[in-house]
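> Sharing a structure, written as structure tokens. Questions coming.
Nothing in this text is a laboratory measurement; each read-out follows from the coordinates by a stated rule. What you are looking at is a predicted structure, and each value in this text was computed from that prediction instead of being measured. Neighbour counts run over all protein chains shown; Cβ positions are idealised from the backbone, glycine included.
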Amino acid sequence: MKAYKRILAVGDIHGHYNKLKDMWQKLKFNKDNDFLIFLGDYIDRGPDNIAVIKFVMELNKLENVICLRGNHEEIFIDDIKNGFYFADKPHSALNELHKDKSLLKLFYDFANSRPYYHESRIKDKTYVFCHAGIENNIPMAEQSPHYLLWERESFLNGYNDSKYVVVGHTPVQCVNGLNTPLELSNKIIMCDTGSYLTDGKISCIDILSGKFWQG
């Protein structure tokens, strides 16, 4: 990997565009010096799914930005394949996107092409970025997609491999009641700070310095 000044990981957004925009203004992203990884779950639960989708899809055009798949993108893909439409869920991306069929198709293709993880060697340490977690002692190419997108307790409590793992999916509030990124003793870095919760934030952490920005 190029010697970027910051290697940034963004936790779950869940359709909260105003919080995302607030965090982004504080972050002051530099497209020449920063490497940025979104950890998935761009959609659902928040009021501005379309604005978030457009923002993320535009950023994804940059070669130093990676947008990973979250379990909510996986749900969206499955719902489209199965013809589901949840009209009773006002904060679902699928409901919003049914008003814009062209964007629905674009986002479906985007979501369906998202990688499950990104692995990188950073300052003599191996980091895996994914939505939920990884299994111990299994090569990344053989990891279960379901585990990468959905796992919580067995990963957080049982992970003991040598790689550092940067994840979203489980709000930090579920672990310590706070709303700031958290590094656990077993090399897990949690970035989901509960964007949709009452005290929730969208967080971005610099893996190199440990500094973080929130909106």
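> Pick out the one residue from Lys211, Lys163 that is among the charged types (D, E, K, R) and either in contact with a helix residue (DSSP H, G or I) (Cβ under 6 Å, 6 or more places away or on another chain) or under 14 Å from Ile7 (Cα atoms) (or both).
Just a single option satisfies the conditions, and that option is Lys211.
> So, one more: Of the conditions (1) farther than 24 Å from Lys19 by Cα; (2) not in a helix (DSSP H, G or I), Gly194 fails just one. Which one is it?
Among (1) farther than 24 Å from Lys19 by Cα; (2) not in a helix (DSSP H, G or I), the lone unmet condition for Gly194 is (1).
> Output the number of residues of the range 30-63 satisfying the condition of being surrounded by fewer than 17 Cβ atoms within 10 Å (Cβ to Cβ) and outside any helix (DSSP H, G or I).
The qualifying residues number 9.
> What helices (runs of 4 or more DSSP H) completely inside the range 119-180 contain at least 2 residues that are out of contact with any Leu (no Cβ under 7 Å at 6 or more places or on another chain)? Spell out the reasoning first.
Values: elements: 145-150, 153-158, 173-176.
Output list reads 145-150, 153-158.
> Can you say whether Tyr42 is in contact (Cβ under 8 Å) with a residue 24 or more places away in the chain and within 13 Å of the chain's Cα centre (by Cα), as far as the supplied structure shows?
Numbers: in contact (Cβ under 8 Å) with a residue 24 or more places away in the chain: yes; within 13 Å of the chain's Cα centre (by Cα): yes.
Answer is yes for this residue.
> Which members of the range 64-78 meet the condition of being surrounded by fewer than 22 Cβ atoms within 10 Å (Cβ to Cβ) and assigned to a loop (DSSP other than H, G, I, E, B)? Show your work before the answer.
Restricting attention to the range 64-78, the residues satisfying the condition of being surrounded by fewer than 22 Cβ atoms within 10 Å (Cβ to Cβ) are 64-66, 71, 75, 77-78.
Asn64 - this is the single residue of the range 64-78 that is surrounded by fewer than 22 Cβ atoms within 10 Å (Cβ to Cβ) and assigned to a loop (DSSP other than H, G, I, E, B).
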